[in-house]
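Q: Mind looking over this structure? Questions follow.
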Amino acid sequence: MNKKQDIELKIIPNRDLLLPYGVPYLAYVGIASLSQDRIPVEISYILKIIIVPLLLYWAWKWYAPITGPKKISGSIFYGIVFGIAGLVIWCLLMAPFIELTGEPWNNSGFFLRLFSASLIVPVFEELFIRGYIFRVAFQWDINRQNNKIASPLNEALDNNSINNVKPGAWSIMAIGISTLAFTAGHLPCEWPAAVAYSILISILWIIRKDLLSCMIAHGTTNLTLALYVYFTGQWGFW
């Protein structure tokens, strides 16, 4: 990206960035919402694996960099460590609300979901939750502290750009709002685990100052959870 393109990217207002950040997430959720009576689970995941990466490819030019000021090797290491910690937190907080044995998946459905959950979900979900919602919420929080701004939310959407948020910047409101958004995308039995997990990944964003570590952590958690479920038979977590 040259300097002119970089400047143009930075001045795109948040309202215009909502579509590229949100569409891959909404596409995934939309496909997932299709009834299994109408479409087999394998077809559902095949559609997700094809459509969502294509949307990410289309929208990538609008995304802020996923790397930050720190070394990529450190982000990979921290991502794996936080991802394993997230697995433990997720299982501990979800276990009281589910039937642990659950209903087993067939192999084709399981491995398609494993691929999707490990490699695709972490990318679009972290871009949308930590990349967009977290940073818009942070800018709104800053704006509302300025008495001269009549509408902090409109200011954040129309006159601010998340591309100008410093890596690792945060506020309590940003963590809280992004956590609510993340939790809303999960089943009620997952809510306690989702709240704790979202806070954990927000802390990782603050520490590492990049989305790469968050994506790796998310992917690590999903991968290790799938393997844990597969080898222990505790399908209730899946």
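The values are calculated or read from the model by the stated rules, or taken from the named source; none is laboratory data. Computed from a predicted structure; not experimentally measured. We place every Cβ from the backbone using ideal geometry, glycine too, and count neighbours over all the protein chains shown.
Q: Would you confirm whether or not the range 203-218 contains a residue that is aromatic (Phe, Trp, Tyr), at pLDDT 95 or above and within 11 Å of the chain's Cα centre (by Cα)?
A: The first filter runs over the range 203-218 and keeps only residues aromatic (Phe, Trp, Tyr), leaving 205.
The next check asks that each one be at pLDDT 95 or above; those that pass are 205.
Filter once more, so that each one left must be within 11 Å of the chain's Cα centre (by Cα): none.
No.
Q: Which condition does residue 66 not pass, out of (1) within 17 Å of the chain's Cα centre (by Cα); (2) in a helix (DSSP H, G or I); (3) under 20 Å from residue 167 (Cα atoms), if it passes all the others?
A: Residue 66 satisfies every listed condition except (2).
Results for (1) among the polar types (S, T, N, Q); (2) within 16 Å of residue 216 (Cα to Cα); (3) out of contact with any Lys or Arg (no Cβ under 8 Å at 6 or more places or on another chain), shown as yes or no for each residue.
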residue	(1), (2), (3)
69	no, no, no
75	yes, yes, no
107	yes, no, yes
123	no, yes, yes
135	no, no, yes
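Q: Pairs please, first residue from the range 37-59 and of a type in the set (D, E, K, R), second anywhere and loosely packed, with under 15 Cβ neighbours inside 10 Å and part of a helix (DSSP H, G or I), Cβ atoms under 6 Å, 6+ apart in sequence or on different chains.
A: Final answer for the pair search is 42/108.
Q: Going through 183, 101 one at a time, which residue ends up being outside any helix (DSSP H, G or I) and either modelled with pLDDT under 95 or closer than 29 Å to residue 233 by Cβ (or both)?
A: Working: 183 fails: outside any helix (DSSP H, G or I).
So the residue among 183, 101 that is outside any helix (DSSP H, G or I) and either modelled with pLDDT under 95 or closer than 29 Å to residue 233 by Cβ (or both) is 101.
Q: If I ask for residues that are under 19 Å from the mean Cα position of the chain (by Cα) and surrounded by 14 or more Cβ atoms within 10 Å (Cβ to Cβ), which ones from the range 37-63 would you list? Steps first, answer last, please.
A: Within the range 37-63, the subset under 19 Å from the mean Cα position of the chain (by Cα) is 45, 48-63.
Within the range 37-63, 45, 48, 49, 51, 52, 53, 55, 56, 59, 62, 63 meet the criteria.
Q: Residues 78, 57: which one is more than 30 Å from residue 15 (Cβ to Cβ) and modelled with pLDDT of 95 or more? Spell out how you get there, then give the answer.
A: Details: 57 fails: more than 30 Å from residue 15 (Cβ to Cβ).
Among 78, 57, only 78 is more than 30 Å from residue 15 (Cβ to Cβ) and modelled with pLDDT of 95 or more.
Q: Considering only residues of the range 132-156 that are closer than 24 Å to residue 199 by Cα and of a type in the set (A, V, I, L, M), which is surrounded by the fewest Cβ atoms within 10 Å (Cβ to Cβ)?
A: Once the filter is applied, the top-ranked residue is 153.
Q: State which residue is surrounded by the most Cβ atoms within 10 Å (Cβ to Cβ) when the search covers only the range 69-85 and only residues that are of a type outside the set (A, V, I, L, M, F, W, C) and free of Cβ contacts under 8 Å to residues at least 24 places away in the same chain. Steps first, please.
A: First pass over the range 69-85, keeping only residues of a type outside the set (A, V, I, L, M, F, W, C): 69-71, 73-75, 78-79, 83.
Still in the list and also free of Cβ contacts under 8 Å to residues at least 24 places away in the same chain: 71, 73.
On the way: 71: 11, 73: 8.
Filtering first and then ranking leaves 71.
Q: List, please: which pairs have Cβ atoms under 9 Å, are six or more places apart or on different chains, and start with a residue in the range 212-227 that is closer than 9 Å to residue 118 by Cβ and end with one that is outside any helix (DSSP H, G or I)?
A: Note: pairs meeting the criteria are 226/238.
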